[in-house]
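Asks: Following this message is one structure expressed as structure tokens.
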Amino acid sequence: MFEGIELEYKIISFNQVNLSPIVVPNVPEVTYSCYPWHPDRNAGVLTRDGALLLLKLYPLILWDKNYCVVGRRVLHLVGPSLKSDDEIKVGYMTKASKEDVIKLMKLEPLINQIAFATPAGGKGIFETSRLIDKQLVASVSQSLTQSVEVVSKMLSDCGISTLFKLNAQFK
Amino acid sequence: MSDARLRFVKAVNEHRQVSEDAIADLVDLIKAPPTLKSFFHHIPLLPQVLEAAVSIAEMSDMDSGRFRKTLATANLLASALPELEDDLRYREFRTPNPIPRFGPCDGLLSSHPLYSALAETTPFKNIHNCFVHLKAQILLAMESLGTMDQELLDVLHVPFATFRSLTKQSNKDLLKELPDKPVPVASFAAIVMAVFQKTKLQTVCKIFEVAENPLRRKRLVKKKTAVRKQGLPHPVREDDEEPAAEYLREVLPSTALTQKESADYIDHGGLPEELGSDIDLEPVLAPDHYHGPTWRQLALQAQQGHNRRAMLNQFCPLAWNQANLFDLKVLFEFLDGRKQLDNFDYQPLAREDVIVILGLMFFTCNSLERVLSLPVFPGCDPQLDSGEGVYQRKGKHVLVRLRSPGPGLTRPRDLQGAIPVTQYSTIKLPPFFSRCLAQIGNPLSAGATRFLLIETVNPADNASMNNVLSLLRGVMGELNSGAGARLSLGRVSSYLLFRVAEAPHSDLPGAMLYFGRNDKFARTRIHYTLADSGLLAATYRTCTNTLLDGVDCIGRFDPEEPAGTSGYLGTPFCPEEDTVRRLAAELQAKLNVKSLSMIDYHNYIALYTSMLISFGTGYRAIHDPAFREMEIDPQWGIGVIADKGTADYRTRYVYLAPVVLDQIRFYREHMQAMYAHLGVINPSLFDLVKTNDCEGVPLNLFWLADEVATLELMTPGKTKVLLKNEFNYAIRLNAGRHYLKYHLIKAGCSPELVEAQLGHWEAGQEPWGPFSNLDPLDFARQMAGYIPDIMKCSGWRALKGKGR
């Protein structure tokens, strides 16, 4: 399903990014390895430079009305560290249908579990996949259970440890 | 030798053979400047002076060798002068053309007074010799002083400036009296003293005094220095300058050999290396020349001094506008009949009426119009529903009942849980007033109930009011002119008001409420004031008794007698302590329920924080009472609030009690957890963070219907509905301000600090303006003695949210 996505790169200011209200993940079950705010500072857990670097490594994928449909966790992390007029580079889906977007958003927690190496590790990936519609997972599992090289091409920013966990879980 | 001197030596040696040392000796003798300015002007004058100096030195048994040598040099120079003057290369030594105002040596008097003096000439030939011998004597005197330092130059400046004026024609006669031939130095000094004494030129004598007596010179110099040191300490250090730093100072350690011992040791075959260095180094603190405040401190002190003067200038007219004890003694003597205005015409009233009016104005602190409009109820006691009026009870003191300006347009159901207030204040007048009435047959007890104090005067009728006003002013004027007092109707009707306002646990709005006044300058503050009428009555009695003692009058209140007044005046929106305590307890109980969802928990903690901040700071109920992180100083417990009008004028500091600071901190942690939980799914929460622009965690207090619902800020309307529906709390949300003010005044906090906390000020009385001396840190320290206790008694405590 990832093959058909066409992206157009754009530079927009941070205050133009909107959080999509279309699909809501099952929030209580989502666990993250770190909080967006630093516990002792009046700032985000990332520095501004760190936040801008993260946005370059994991660019946000926007859709109609600048809704962020992929990369909401990144947006969540960089939100406290960025200013409204910061210019960021994003990918813009021009031709995706609403159904495609909903599928992507529903799968995003699973992709996040894979891409961000949560403390739960392989267990987290497995449990997250259980919370998502089985048919949806099945439609992408073909891709996700490929070899490490294939997945690393698909999720080009995955770390080695994540790929190792992924490999161990699905093979 | 300076460059100019070397060039001069070279120039001379082109024409005559004169040694460099000889020229240097001459130049040093006449104390010439290094530039040798106008030296060509001196050259023809010097031989005469030096010749006279040689003669005088020989006559005075002084060494004349130096003068002889310089005389020879001067003669050689004089012979070479025509050639030198023609040489354009040396025009810098010529006499300036045109000649400056003070002669060829203009500008050299302060630094080279002798050189300047030797350039002076007199146009009168008959006194030429006298002037030359005077200059020679001065040359000898200055030669005895040796090198001149700056202090000596300062001392000699005025005498030499006076000497310069000797060449004027008006002083020709004085110069004539001086000897025109050589005279010994000691004798010449005495002659100069005798000639110039008691003339305006007597300061010239100081030249010879200084030369004669070096000790005196030192004393003169010291005196001058002492005068300098009396000045203000001079800040030699800038504010950002580093303090004195350590450096290494060379010292001679006591264990080292002296130079003589070292030399002896070396003579005996010792090696110099064995001795080592006889100089050691030790760290010492650099001399600190910092003897006073820095520039910034001086500027601050100057500002404070200016503010104090400004405050004083404001207080003086205030004090002038109030009556003093002497004025009141004159008034009381008139009221009790000891002082009569025998030939005064009291028309259109009677003397008794004037006494009643003035007495009521003084003891009720109200205007003439208000007093005249009071109805009189002889033989009646006021009831709970009685209106305004003067109640003359049989055999008892006079009571005056006045309508108090507390807000009256409230529905009783909105005031459930608030302290009940009464609309009327009852003032029991002192026995002194009853005695005064008895003296004049007590006109208040006679007749039936009447609607006006003086039936013949209608306060609505301007003509009759003007007549009464003129009459009372006439009485005041008669009393003032007879005794030298400053009585006026304004001073009479405001004296007790200010005394009651100044008493402990009281303030001006409270006193206004007690006397039923609603003056414009205190109206806002009156709205927020709840006054205990029993306490005010006791204060009134104390102030009246003190006053009567001060003016030697009898008729004091009996201290043992109960005040007989109770209840509260003023705002009806001040909640009872139990109401606030119950609200705090119910909110805390809600948060203790373990089965609460995260959203519900957030809603209650936001509501709780909102109410705690409102009651702890006096935040106006205009939006959610949230601080931004940059508006809080947790170290000093100070926050910044802009909750009214233009932010630049109405922004104020408020004290933040520890419980408030803790609650804000816990709410901050809670917000972090909320964003961590909902930040990826709730667009409005994300927008709140997005627009916060790195200014810390957004601390807005908001309500959420569910996880993805748009958040609603805890505005007063929203909060009021929540409190009413869930906690049956119906008092207005601004009640926190009323509650805080009442409890602060009750605890004895200064009214100025209370108004600063609440943000009430009149123009010119701004607590945080440029003319205020209120230090925010002092303010916070003072408030720390009151607000934490109030919060604790009301049951508020900091509660943790869903933080980590």
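Asks: Conditions first: (1) of a type in the set (Asp, Glu); (2) within 25 Å of B:His157 (Cβ to Cβ); (3) exposed (fewer than 15 other Cβ atoms within 10 Å of the Cβ). B:Glu120 passes all but one, so which condition is the exception?
Replies: (3)
Asks: Turning to a different aspect of this structure: Being within 58 Å of the chain's Cα centre (by Cα) and of a type outside the set (Val, Ile, Thr) narrows it down to one residue among B:Leu46, B:Leu50, B:Leu36, B:Leu26; which is it?
Replies: Values: B:Leu46 fails: within 58 Å of the chain's Cα centre (by Cα); B:Leu50 fails: within 58 Å of the chain's Cα centre (by Cα); B:Leu26 fails: within 58 Å of the chain's Cα centre (by Cα).
Every option except B:Leu36 fails the conditions.
Asks: Restricting attention to the stretch B:605-639, which residues are within 14 Å of chain A (Cβ to nearest Cβ) and in a loop (DSSP other than H, G, I, E, B)?
Replies: Within the stretch B:605-639, B:Phe627, B:Arg628, B:Pro634 qualify.
Asks: Just to be sure before I move on: is B:Arg650 within 14 Å of chain A (Cβ to nearest Cβ), farther than 25 Å from B:Glu726 by Cβ and in contact (Cβ under 8 Å) with a residue 24 or more places away in the chain in the structure I sent?
Replies: no
Asks: Can you name the number of the only condition in (1) under 21 Å from B:His112 (Cβ atoms); (2) touching a helix residue (DSSP H, G or I) at 6+ places or on another chain (Cβ under 6 Å) that B:Ser38 fails?
Replies: Evaluating B:Ser38 over (1) under 21 Å from B:His112 (Cβ atoms); (2) touching a helix residue (DSSP H, G or I) at 6+ places or on another chain (Cβ under 6 Å) leaves (2) as the failure.
Asks: With the condition kept exactly as written, say whether any residue in the stretch A:15-33 is farther than 22 Å from B:Pro683 by Cβ, touching a Cys at 6+ places or on another chain (Cβ under 8 Å) and at pLDDT 85 or above.
Replies: The answer is no, given that none of the residues of the stretch A:15-33 is farther than 22 Å from B:Pro683 by Cβ, touching a Cys at 6+ places or on another chain (Cβ under 8 Å) and at pLDDT 85 or above.
Asks: Out of the helices (runs of 4 or more DSSP H) lying entirely within the stretch B:456-516, which hold 1 or more residues that are more than 43 Å from the chain's Cα centre (by Cα) and buried (at least 16 other Cβ atoms within 10 Å of the Cβ)?
Replies: So the answer is B:462-483.
Asks: Hey, another quick one. For the stretch B:664-703, how many residues meet the condition of being facing another protein chain (nearest Cβ under 8 Å) and hydrophobic (A, V, I, L, M, F, W, C)?
Replies: 9
Asks: Would a scan of the stretch B:70-93 turn up a residue that is touching a Lys or Arg at 6+ places or on another chain (Cβ under 9 Å), at pLDDT below 85 and on the phi > 0 side of the Ramachandran plot?
Replies: Within the stretch B:70-93, none of the residues are touching a Lys or Arg at 6+ places or on another chain (Cβ under 9 Å), at pLDDT below 85 and on the phi > 0 side of the Ramachandran plot.
Asks: Output the residue which, of all residues in the stretch B:397-428 that are at pLDDT below 85, surrounded by 12 or more Cβ atoms within 10 Å (Cβ to Cβ) and not hydrophobic (A, V, I, L, M, F, W, C), is nearest to B:Thr579 (Cα to Cα).
Replies: B:Gln416
Residues are listed down the side, and each one gets a yes or a no for (1) part of a helix (DSSP H, G or I); (2) more than 10 Å from chain B (Cβ to nearest Cβ); (3) not polar (S, T, N, Q):
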residue	(1), (2), (3)
A:Leu53	yes, yes, yes
A:Lys56	yes, yes, yes
A:Cys68	no, no, yes
A:Arg73	yes, no, yes
A:His76	yes, no, yes
A:Gly79	yes, no, yes
A:Lys89	no, yes, yes
A:Tyr92	no, yes, yes
A:Lys95	no, yes, yes
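The values are calculated or read from the model by the stated rules, or taken from the named source; none is laboratory data. These numbers come from a predicted model, not from an experiment. FYI the Cβ positions are ideal-geometry reconstructions off the backbone, even for glycines, and counts take in every protein chain you see.
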